Amino acid sequence: MKKLVATENAPAAIGPYSQGTVLENLVFTSGQLPLDPKTMAFPEGGITEQARMSLANLKAVLEEAGAGIDSVVKTTCFLAKMEDFAAFNEVYTEVFGTEGAPARSCIQAGRLPKDALVEVEAIAYVK
């Protein structure tokens, strides 16, 4: 049976979806935008600040589901501009490291919701 994930430590869904879904021991997160969960606004700055916020939101959803950054097996990362790839990778490495990092796809999206610079989703397992 699937269970929906909901936490106040990540932004509320801005459409007809849940923050995440747990099925048995797998967690599937929705894409996490760089919205501050309290203000629903983007952080000041550019890709670095938005990447940190997206990944913090991802972490909050994972933890609510009983998983964590260390149990992520796959991420999908969407960038508004591929020119931000190197800066995004720096922040991503701060969170996931390089040794044992999860499998990943990273693509340039035509346009992200609310004109975000980045959105990240993940598949993880419950510890």
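Nothing in this text is a laboratory measurement; each read-out follows from the coordinates by a stated rule. Only a predicted model underlies this, so the values are computations on that prediction, with no experimental measurement involved. We place every Cβ from the backbone using ideal geometry, glycine too, and count neighbours over all the protein chains shown.
Across the stretch 74-127, which residue is farthest from the chain's Cα centre (by Cα) among those that are among the hydroxyl-bearing types (Ser, Thr, Tyr) and surrounded by 15 or more Cβ atoms within 10 Å (Cβ to Cβ)?
Tyr125
Yes or no: the stretch 57-70 includes at least one residue that is among the β-branched types (Val, Ile, Thr), in a strand (DSSP E or B) and over 17 Å from Val118 (Cα atoms).
No, the stretch 57-70 has no match at all.
Restricting the search to the stretch 4-17, which residues are surrounded by 11 or more Cβ atoms within 10 Å (Cβ to Cβ) and either closer than 21 Å to Pro43 by Cα or without any contact (Cβ under 8 Å) to a residue 60 or more places away in the chain (or both)?
Leu4, Ala6, Thr7, Asn9, Ala10, Pro11, Ala12, Ala13, Ile14, Tyr17
Go through the stretch 25-54 and give me each residue that's out of contact with any helix residue (DSSP H, G or I) (no Cβ under 8 Å at 6 or more places or on another chain), farther than 23 Å from Asp84 by Cα and in contact (Cβ under 8 Å) with a residue 40 or more places away in the chain.
Matches in the stretch 25-54: Asn25, Leu26, Phe28.
Please specify each residue of the stretch 93-126 satisfying the condition of being free of Cβ contacts under 8 Å to residues at least 12 places away in the same chain, part of a loop (DSSP other than H, G, I, E, B) and of a type outside the set (A, V, I, L, M, F, W, C).
Gly97, Thr98, Glu99, Gly100, Gly110 - these are the residues of the stretch 93-126 that are free of Cβ contacts under 8 Å to residues at least 12 places away in the same chain, part of a loop (DSSP other than H, G, I, E, B) and of a type outside the set (A, V, I, L, M, F, W, C).
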